[in-house]
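Engineer: Once you've had a glance at the structure underneath, I'll fire off some questions.
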Amino acid sequence: MESKKESNFQKIIAHAKEYGFIYPSSDIYDGLSAVYDYGPTGCELKKNIKDYWWKSMTQMHQNIVGIDAAIFMHPTTWKASGHVDNFSDPMIDNKDSQKRYRVDHLIENYSSELEQKGLEKEARDLINLMDLHLKNEDFSALKALILSHNIKCQVSNTCNWTDIRQFNLMFKTEIGSVAEEANTLYLRPETAQGIFVNFLNVQKSSRLKLPFGIAQIGKAFRNEIVARQFIFRMREFEQMEMQFFIPPGTQKKWFEYWKETRLNWHLSLGTPHSKYQYKPHVKLAHYADAAVDIEFEFPFGFKEVEGIHSRTDYDLSRHQEFSKKKMTYFDPETNQHFIPYVIETSIGLDRMFLAILSQAYTEEPVPKEDGSTEERIVLKLPTKLAPYKLAIFPLTKKDGLPEIAQTIYKECQTSFYCFYEEKDSIGKRYRRQDAIGTPCCVTIDHQSKEDQTVTIRHRDTMLQERVAIKDLKMLINSYL
Ligand code: ATP
């Protein structure tokens, strides 16, 4: 079962490359570990996911505005936020293979192995103990747990482990030409801090009253030690974050509100509810008083796609302390000055992309004319996210059919993305569009010249119908 899932995942990765969604970064140099590039279809799909999130946050909420802050920030930002001191994962090295593991991953993997052997209770007990030790930051107990279960390195197959150490995940770089400590910058490990340091600028310039939110989409960088699972865990990735500023004391209500609202956003894309679950955090981050993950069932199991965090007034208070600038909000109704509390919704764009891609990827048998069947690969993407909405095919390259097809292309391209192709049989052209998830294809044939109709073929049902050329644009728009 597990290996079927794994092979399915490998097929999705291969498909993503073959059809221009995702390539390894610097592919000609054999790639760069945990860094990926988005190709022509991939960048459209990614942009559509971004737009869908952005509109649902900003356009659909009167009290949420967007910003686009720089990746480089004053280095004190990261001292204030706690990332210099706290943004680290407990790691352990195997002395024989020199391979480094994140402790939670090492133990979780072993627990999955136990589960596969039918030892569910042992697997659960192990995770519970791990969570407890992680929460207490009791590294010797964690190491003892690894040794007592005889958890081995996958490479050396030994239990010759170092002590557990914390490893900071921030990338450092330098600004200017002199390499001094004062010139050290960090590549932001989260986009949130760009929002916090701009809190008052935005509040004042947009004349916003609590509660209000600030949304941002942008790159984040983490020196992930165990970088694996394709675009699930990258070193350079994109986040879509929204910080919602609220009066202190209302955080429970707003936490529940955003927890539910965000899950509904995921479900609005048509993914079945059973593919999602909440997972409350056991060990809270240094800034949080409540946190829950929204997990999606990836081909390798349920994993976090989005986090909802109740960040208290931690970030704004710390920035006030380090910058010596007031970060308070004046409430005209109560005549009080206070530092707002914050609920954060933080979703990884690349993880969302992987969730959408793996949910859409379908292999299914299709009947052939001779009664036998063949397999087709189809991406059943939500129409609003599909890279192309309509593919336009003249049946032949002559008899004036390409001219009609080009007229349709020009008419529709101002409203949505279209794909034009004249090569190969119609069947082959359909298959290629199935593989990139285009919801509709139209074929222009000789009858089109007589009665100004075309055949439209629907991706998921493969049903075909004749429609008038003049209705085509309206029809596709109605699907959007
Ligand atoms: P994980 O436990 O998987 O490392 P996290 O809890 O550290 O994730 P957050 O700090 O809550 O993640 O970041 C918010 C979101 O950013 C995550 O839900 C995830 O979708 C995304 N994200 C975090 N790290 C990465 C990464 N290395 N690659 C891709 N996306 C990431």
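The numbers here are math on the coordinates, done by the rules we state, and not lab data. Please read all numbers here as calculations on a predicted model, not as lab measurements. Positions of Cβ are backbone-derived with ideal geometry, glycine not excepted, and every protein chain shown enters the neighbour counts.
Engineer: Note the count of lysine pairs whose C-alpha atoms are less than 29 angstrom apart in segment 224-337, limited to pairs 8 or more residues apart or on different chains.
Structural biologist: The result is 19.
Engineer: Could you list which residues have their amide H under 5 Å from that of residue 32, counting only those 5 or more apart in sequence or on another chain, with H placed in the peptide plane?
Structural biologist: Amide H neighbours of residue 32, under 5 Å, 5+ apart: 25.
Engineer: What are the ³J(HN,Hα) values, in whole Hz, obtained from phi via the Karplus relation 6.51 cos²θ - 1.76 cosθ + 1.60 with θ = phi - 60°, for each residue of segment 166-172 in sequence order, with x given for Gly and Pro?
Structural biologist: With coefficients 6.51, -1.76 and 1.60, one gets 8, 10, 6, 9, 7, 7, 9 Hz.
Engineer: Among 385, 52, 70, whose Cα lies farthest out toward the positive end of the dipole of the chain, if unit charges sit on the beta carbon of Lys, Arg (+1) and Asp, Glu (-1)?
Structural biologist: 70
Engineer: Determine, from the Cβ-Cβ distance of residue 33 and residue 72 and an R0 of 25 Å, the FRET efficiency 1/(1 + (r/R0)^6), rounded to the nearest 0.05. Write down the numbers at each step before the final one.
Structural biologist: Numbers: r = 24 Å, r/R0 = 0.95.
About 0.55, to the nearest 0.05.
Engineer: So how tilted is helix 120-136 from the main axis of the chain? Cα-based, degrees 0 to 90, rounded to 10.
Structural biologist: 50
Engineer: Output needed for segment 340-419: three equivalent-ellipsoid semi-axes, defined as square roots of 5 times the C-alpha gyration tensor eigenvalues, in descending order, whole Å. Could you put the intermediate results ahead of the total?
Structural biologist: Details: eigenvalues 259, 119, 9 Å².
Semi-axes, largest first: 36, 24, 7 Å.
Engineer: Right, here's the next one. Quick one: which residues, 5 or more positions from residue 66 or on another chain, have an amide H under 5 Å from its amide H? H modelled 1.01 Å from N in the peptide plane, none for Pro or chain starts.
Structural biologist: The answer is 215.
Engineer: Using 0.36 nm per residue of separation minus the Cα-Cα distance, give me the extension gain between residue 467 and residue 171 in nm, one decimal. Present the calculation step by step, with values, prior to reporting the outcome.
Structural biologist: On the way: separation 296, 0.36 × 296 = 106.56 nm, distance 5.56 nm.
Taking residue 467 through residue 171 to full extension adds about 101.0 nm, to one decimal.
Engineer: Tell me the label-point distance for the pair residue 264, residue 474, using the 7 Å Cα-to-Cβ offset, in nm and rounded to one decimal.
Structural biologist: 3.2
Engineer: While we're on this one: Among 43, 371, 28, which residue has its Cα furthest toward the positive end of the charge dipole of the chain, with +1 on Lys/Arg Cβ and -1 on Asp/Glu Cβ?
Structural biologist: Result: 43, furthest along the dipole toward the positive end.
Engineer: Under a Cβ-only charge scheme (Lys and Arg +1, Asp and Glu -1), can you give me the dipole magnitude of the chain about the Cα centre, in debye to the nearest 20? Working shown, then result.
Structural biologist: Values: 63 positive and 66 negative charges, 148 e Å.
Dipole size: approximately 720 debye.
Engineer: Specify the angular offset, from 0 to 90 degrees and rounded to the nearest 10, of the alpha carbon long axis of helix 349-360 from the longest principal axis of the alpha carbons in the chain.
Structural biologist: Compared with the principal axis, the helix lies near 40 degrees.
Engineer: Arrange 457, 124 by Cβ neighbour counts within 10 Å, fewest through most, would you? It would help to have the intermediate numbers written out before the result.
Structural biologist: Working: 457 21, 124 13.
The order, fewest Cβ neighbours first, is 124, 457.
Engineer: A follow-up question, please. So for 472, 390, fewest C-beta neighbours within 10 Å to most, what's the order? Don't skip to the end; give the middle numbers.
Structural biologist: On the way: 472 20, 390 27.
Going from least to most buried by this count: 472, 390.
Engineer: Give the calculated FRET efficiency between residue 138 and residue 447 to the nearest 0.05, with a Förster radius of 51 Å applied to their Cβ-Cβ distance. Intermediate values should be presented prior to the final figure.
Structural biologist: On the way: r = 76 Å, r/R0 = 1.48.
In this case the efficiency is close to 0.10.
Engineer: Compute the long axis of helix 314-323 from its Cα atoms, compare it with the longest principal axis of the Cα atoms of the chain, and write down the angle in degrees, 0 to 90, nearest 10.
Structural biologist: Helix 314-323 and the main axis of the chain meet at about 70 degrees.
Engineer: Between residue 223 and residue 58, 0.36 nm times their residue separation minus their Cα-Cα distance comes to what? Don't skip to the answer; put the middle values down first.
Structural biologist: On the way: separation 165, 0.36 × 165 = 59.40 nm, distance 3.08 nm.
That works out to 56.3 nm of additional length.
Engineer: Right, here's the next one. Which value, in debye to the nearest 20, gives the size of the charge dipole of segment 348-460 about its Cα centre, when Lys and Arg are +1 and Asp and Glu are -1 at the Cβ? If you can, show how the numbers build up before the last one.
Structural biologist: Details: 17 positive and 18 negative charges, 80 e Å.
Here the size comes out at about 380 debye.
Engineer: Tell me, how many Å apart are the Cα centres for segment 204-251 and for segment 312-359?
Structural biologist: Cα centres, segment 204-251 to segment 312-359: 9 Å.
Engineer: With +1 on the Cβ of every Lys and Arg and -1 on the Cβ of every Asp and Glu, and nothing else charged, how large is the dipole of segment 202-345 about its Cα centre, in debye rounded to the nearest 20? Could the numbers behind the result be given before it?
Structural biologist: Working: 21 positive and 18 negative charges, 66 e Å.
Once rounded to the nearest 20, the dipole reads 320 debye.
Engineer: Related question: Using only the alpha carbons, work out the radius of gyration and Dmax of the chain in angstrom.
Structural biologist: 26.0, 81
Engineer: Another question, if that's okay. Ranking 222, 102 by Cβ neighbours within 10 Å, fewest first, what do you get? Each step should come with its number before you reach the end.
Structural biologist: On the way: 222 22, 102 17.
Arranged by neighbour count, lowest to highest, 222, 102 become 102, 222.
Engineer: Along its three principal axes, how long is segment 88-168 when you only count alpha carbons? Whole Å, largest extent first please.
Structural biologist: 33, 29, 19
Engineer: Counting DSSP beta bridges in segment 388-479, what percent are antiparallel, to the nearest 5? Could the numbers behind the result be given before it?
Structural biologist: Values: 9 of 17 bridges.
About 55 percent, rounded to the nearest 5.
Engineer: With only alpha-carbon pairs counted, each pair once and no self-pairs, how large is the Kirkwood hydrodynamic radius of segment 388-479 in angstroms? Walk me through the numbers on the way to the answer.
Structural biologist: Numbers: mean 1/r = 0.0778 Å⁻¹.
Mean inverse Cα-Cα distance, inverted, gives 12.9 Å.
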